[in-house]
Amino acid sequence: MPRHPKKPRRLVADGRAYLWTLRHSHRVLDSGRAADCRETLTLYPQPPGTGGPLRIVFADGPGRYVPGGFPLGSGDVGYVRGGSLNLHEPGAVRALLDAASAHGWQPGDRRSAEVDGWPLLEAAVAARG
């Protein structure tokens, strides 16, 4: 039976559990086309109350792609001439979590945090090999 796409997934990293979700959002122009696409990966430290959520946001911009599906896959983000990740893959989520931690995010911080995912992307791609 396939996994429900909106149900949080579980990830364990360095002895700590997280639930994570991925959401795509955008504005719809009068022409019906999507604009300002963004993918938001949210990790929730578990059990609840042990840390605030971490939101890693990938916003569309020059030289970047954040498609909402066809012809590229849902969850794909990357540089037009560079690295890319599929944010539906647990290994990509783990690599971004590690990159965010290396950039100063603390999982025990009880406040929610939102970080730009683009500065983390290359480190995450390199970690995935």
For residue 50, distant residues with modelled amide H under 5 Å away:
none
Run the accessible area of the chain with a 1.4 Å probe and give the carbon-and-sulfur part as a rounded percent.
53
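Add -39500 (n - 2.57) for each DSSP H run of 4 or more in the chain, then divide by its residues: what number comes out at 222 nm, to the nearest 500 deg cm²/dmol? Don't skip to the answer; put the middle values down first.
Numbers: 2 runs with 24 residues, N = 129.
Calculated at 222 nm, the ellipticity per residue is -6000 deg cm²/dmol.
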Projected area of the range 55-129, taken from the Cα convex hull and averaged over every viewing direction, in nm²?
5.2
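Mind giving me the FRET efficiency for residue 16 and residue 84? R0 is 30 Å, r the Cβ-Cβ distance, nearest 0.05 is fine. List each step's numbers first, then the result.
On the way: r = 27 Å, r/R0 = 0.89.
Result of the calculation: an efficiency of 0.65.
Let's see if you can work this out: charge +1 on each Lys and Arg Cβ, -1 on each Asp and Glu Cβ, no other charges. What is the dipole magnitude of the chain about its Cα centre, in debye to the nearest 20?
Here the chain has a charge dipole of around 440 debye.
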Using the scaling law 2.2 N^0.38 Å as the reference, what is the normalised Cα Rg of the chain?
1.06
Is the range 8-69 best put as rounded, prolate or oblate by its Cα gyration tensor, with a ≥ b ≥ c the root eigenvalues, rounded for a/c under 1.5, and otherwise prolate when a/b is larger than b/c, oblate when not?
prolate
How far apart, in nanometres, would the label points at residue 111 and residue 57 be if each is projected 7 angstrom from Cα along the Cα-to-Cβ direction?
1.6
State the extension gain, in nm to one decimal, for the chain segment bounded by residue 127 and residue 28, taking 0.36 nm per residue of separation less the distance between their alpha-carbons.
32.1 nm
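The values are calculated or read from the model by the stated rules, or taken from the named source; none is laboratory data. Since the structure is predicted, the reported quantities are computational estimates derived from the model, not experimental observations. Every residue, glycine as well, gets a Cβ built from its backbone with ideal geometry; the counts of neighbours run over all protein chains shown. Calculation scope for accessible area: heavy atoms of the full protein, side chains included, ligands and nucleic acids excluded. Shrake-Rupley method; radii C 1.70, N 1.55, O 1.52, S 1.80 Å.
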